[in-house]
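Scroll down for the structure; my scribbles are underneath it.
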Ligand SMILES: NC(=O)c1ccc[n+]([C@@H]2O[C@H](COP(=O)([O-])OP(=O)(O)OC[C@H]3O[C@@H](n4cnc5c(N)ncnc54)[C@H](O)[C@@H]3O)[C@@H](O)[C@H]2O)c1
């Protein structure tokens with residue numbers, strides 16, 4: 001067994017995206033020789049040139065890591081042979097039928113199995129259903145390919161550790177977020193805990209990988225359910241003529257037993273709209289229906305339609321039919337201050353409004369060009385100028401990046417449908433133009 005506390009093993013991060021890159025940064029900054037393996041040649045070329053593909057992730061560590069030869073992004077899986085630890089951070093999407101798609105995880109595990117050195121530690125960080133590490137990774141890694149098998153806990157080590165990074169959130173340093181770890185055997189757990197202690201301030205050992213897998217899903221389901229609850233209350237408050245944002249602020253003054261969640265135009269990102277359905281799928285194997293997950297999915301999925309409906313009525317009240325109306329969507333990324341479009345409700349809103357005949361444009365400084373299947377074709381971000389604002393019938397605030405100026409928008413736009421309470425600082429002065437949705 002290799003001793004990961006005494007040595008500083010070479011590390012290979014497999015999958016260089018929102019999760020893999022910040023993790024690589026931690027290891028590189030702690031002085032570990034770190035390889036980054038990705039199947040995407042474009043991604044690797046960008047990284048080899050020292051450019052960060054994520055607007056919220058600085059590139060200084062990459063440049064200095066490349067110079068010091070501590071950081072080596074590559075498409076060559078052979079580098080895994082040199083590494084004492086392989087950490088898998090590949091995507092876990094849903095299929096067209098909304099079932100878990102573990103093809104990237106399986107492929108990454110097969111790559112690790114082909115190249116890993118004896119005694120290597122393999123850790124899965126991708127989010128998945130409880131049991132994935134034991135049921136999917138363990139058999140793949142146990143196969144040597146020459147008819148014999150490897151034993152977890154002695155010939156190699158296997159653990160699961162969920163990634164809890166929140167892209168764009170500057171309040172929590174990745175190293176400060178406690179790291180959950182579950183090992184296939186006690187020796188596997190030991191190895192993984194020892195490795196992570198080099199770079200995380202607090203490592204939390206758990207009794208089994210399935211506990212860590214389920215804990216990650218609980219965190220995301222907790223968000224999905226609470227967002228759905230507050231979205232439902234928003235729709236009721238709207239009907240009752242109550243400002244839901246004021247309600248949430250009022251409830252949040254309670255110093256215990258309440259945590260504020262905020263309504264919006266629907267769920268976005270790679271995690272919250274997708275991960276809960278990994279559990280729904282797995283639960284079926286146990287004749288179990290995850291009703292909270294289904295219900296929150298139903299409510300959150302309906303939100304863009306609700307917002308589009310509110311916008312249509314707001315235009316109608318001004319004598320403007322949706323067909324032919326000019327709508328500027330403000331913010332198309334799924335959350336503030338990032339360029340991530342995955343599952344963004346703004347894309348669905350653009351499609352729904354266009355289907356209704358609206359002439360839709362957008363402004364997002366983080367997304368200069370929109371080339372998404374969801375919006376069928378290419379769109380370019382328009383500048384946010386008084387002229388542009390005056391030229392549309394309505395501004396729809398889908399994501400409130402912190403750089404947006406509420407005063408500018410409210411002064412010049414004829415109508416604002418605001419899903420984020422972005423206009424709050426100017427609401428008193430421009431109340432007649434603002435519709436919360
Ligand atoms: N994005 C988040 O905020 C976040 C947070 C916590 C957990 N997660 C989870 O982490 C995992 C990764 O998500 P992400 O957002 O980093 O994905 P991503 O799409 O940003 O990056 C994944 C990278 O993996 C590469 N890849 C795919 N298959 C590969 C393979 N077989 N070998 C090597 N590279 C491969 C892709 O080319 C891509 O560059 C997912 O399971 C996700 O649910 C994501």
Taking the simple approach of a point 7 Å from Cα along Cα-to-Cβ for both residue 355 and residue 326, what is their distance in nm?
2.6
Check: C-alpha center the range 132-147 vs C-alpha center the range 369-386, spacing in Å is 44
Listed with the fewest Cβ neighbours within 10 Å leading, 116, 379, 240 appear as 240, 379, 116
Debye log10 I(q)/I(0) at q = 0.16, 0.17, 0.18 Å⁻¹ for the range 305-437, Cα point scatterers
-0.72, -0.82, -0.93
What is the distance in Å between the Cα centres of the range 159-236 and the range 263-338?
25
What is the angle, in °, between the Cα long axis of helix 103-115 and the longest principal axis of the Cα atoms in the chain? Nearest 10 is fine, range 0 to 90.
20
Give the order of 87, 299 when sorted by the count of other beta carbons within 10 angstrom, beginning with the fewest.
299, 87
Volume per residue of the C-alpha convex hull in the range 84-123, rounded to whole Å³
54
Just want to confirm a number: the relative contact order over the range 322-364, from Cα pairs under 8 angstrom separated by 6+ residues, in percent.
57
MRE, 222 nm, helices only [DSSP H, n ≥ 4, -39500 (n - 2.57), over the chain, to nearest 500]
-11000 deg cm²/dmol
Give me the angle, in degrees from 0 to 90, between the Cα long axis of helix 20-29 and the longest principal axis of the Cα atoms of the chain, rounded to the nearest 10.
60
Cα convex hull of the chain: how many Å³ per residue?
156
With springs connecting C-alpha atoms under 10 Å apart, model the chain as a Gaussian network and identify which of 51, 420, 239 has the largest mean-square fluctuation.
239
Taking a ≥ b ≥ c as the square roots of the Cα gyration tensor eigenvalues, with a/c under 1.5 meaning rounded and otherwise prolate when a/b beats b/c, else oblate, which class fits the range 11-207?
rounded
In whole Å, what are the Cα extents of the range 214-370 along the three principal axes, biggest one first?
51, 35, 31
With a 10 Å Cβ neighbour count serving as the proxy for reagent exposure, in which order, fewest first, do 245, 71 appear?
245, 71
Helix 209-240 vs. the chain, principal-axis angle (Cα, 0 to 90°, nearest 10):
0
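Readers should treat all values here as calculations from the given coordinates under stated rules, not as data from a laboratory. All figures in this text were calculated on a predicted structure; none of them were measured in a lab. Note: ideal-geometry Cβ built from the backbone for every residue, glycine included; neighbour counts use all protein chains shown.
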